[in-house]
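Visitor: Input: one structure, supplied below.
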Amino acid sequence: MRPIFGTLQGMRSSAFNCEVYVVNAQTRLHYDLIPKSALIGNLGLEERSEVRLIYCEGNKADACNLNRYVEKVYTAWERAATGYPTSAKLAIPAVELIRIGTYYCAQKRILVEDIDILSRWLDTPVVDPRELVL
């Protein structure tokens, strides 16, 4: 991982959508992150970049309002949108990430494009639809 400098450009707005990722199981980072963590980023700003700036939420403190996957995604999105100072921001090589969908902020929902990969990431045979909408 590379050190982080600055914030995502154009993200200090509550009106952006973002991409939702999981980490490739073949990478070391897969074992370094808290299982079932939410990873968001990109926003079309880094499409050609070899590194993605990712905001994470793994609920390390076991907060009662971060049990569902969408709650974690929302929290990571909120940090990115407000430029909130956080240590839960990583520069991750694009090859270590798998894009699984998009978080739509206005609807507070995740549109999942690869439910099988998300299911493995969440360690569940079936993803409950309530995990995807606030």
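Visitor: Beta carbons within 10 angstrom, averaged per residue: use that to sort the peptides 69-82, 118-131, 49-62, highest first.
Guide: 69-82, 49-62, 118-131
Visitor: While we're here: Starting from the 7 Å offset along Cα-to-Cβ, what nm value, one decimal, do you get for the label separation of ASN67 and ALA94?
Guide: Here the answer is 3.9 nm between the modelled labels.
A short reminder: the numbers here are calculations on the coordinates, not readings from a lab. As the structure is a computational prediction, the values presented were derived from the model and not from experiment. Neighbour counts run over all protein chains shown; Cβ positions are idealised from the backbone, glycine included.
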